[in-house]
Amino acid sequence: RKLPGADQFLRVRAEVLIWEGMCMLLEDKDEAARETLATVVDLLSEHERLLHLPIAAVYLAEAAWRCGSEKDSDSAADLALETSQTMGTNLMLVQALRDFPAVAARRLDAESGPDTEWHRIGRILRERSPAQAGG
């Protein structure tokens, strides 16, 4: 059954969880951040709410790395990239990577060639203007 306003509630809930997760990361509450961000990534994925998914996934990648799970960190970072490609814009991805640039650095280190999507994102991050990241 579809409830009036449920989509709006989901968006607000997701944004609150993303902010909570980011605050936890800034306070070095890494395990709590990981749990919160995994919840929001699952929620956004389940309901196909793509707009904020790259941000949540980048933050989850950072939390997972800090908790010692390189595999989960890589998976979350790749989900952020894939979602951005699906949406046709890197704006949210680049915004999140500016908050936690080590996520991009780790993915770049894992790439074998110099001309991958992660390398393209790395070049965008080096640019001064966030406005250039929109495409």
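The values are calculated or read from the model by the stated rules, or taken from the named source; none is laboratory data. Not measured: the values here are computed from a predicted model. Cβ: placed from backbone, ideal geometry, glycine included. Neighbour counts: every protein chain shown. The accessibility values were calculated without ligands, DNA or RNA, using every heavy atom of the protein model including side chains. Shrake-Rupley method; radii C 1.70, N 1.55, O 1.52, S 1.80 Å.
In order along the range 91-96, the phi-based Karplus estimate (6.51 cos²θ - 1.76 cosθ + 1.60, θ = phi - 60°) of 3J(HN,Hα) comes to 4, 5, 4, 5, 4, 5 Hz; Gly and Pro are listed as x.
Could you tally the net charge around A63, taking each other residue with its Cβ under 11 Å from the Cβ of A63, Lys/Arg +1 and Asp/Glu -1?
Residues near A63 contribute -3 overall.
Sparsely packed loop sites in the range 28-117 (the GluC sites (Glu not before Pro) outside DSSP H, G, I, E and B with at most 12 other Cβ atoms within 10 Å) comprise E48.
Taking a Cβ cut-off of under 15 Å around I121, the surrounding Lys, Arg, Asp and Glu residues balance to a net charge of -3, with basic ones at +1 and acidic ones at -1.
Before rounding to the nearest 500, sum -39500 (n - 2.57) across all DSSP H runs of length at least 4 in the chain and divide by the residue total; then give [θ] at 222 nm in deg cm²/dmol.
Value at 222 nm, helices only, nearest 500: -23500 deg cm²/dmol.
Over the C-alpha trace of the range 1-76, radius of gyration and Dmax come out as 12.6, 41 angstrom.
On average, how much accessible surface per residue is there in the chain, in Å², for a 1.4 Å probe, leaving out ligands, DNA and RNA?
Accessible area per residue, the chain: 56 Å².
Sparse packing (at most 13 other Cβ atoms within 10 Å of the Cβ) combined with a DSSP loop state is found for the following trypsin sites (Lys or Arg not before Pro) in the range 26-135: R128.
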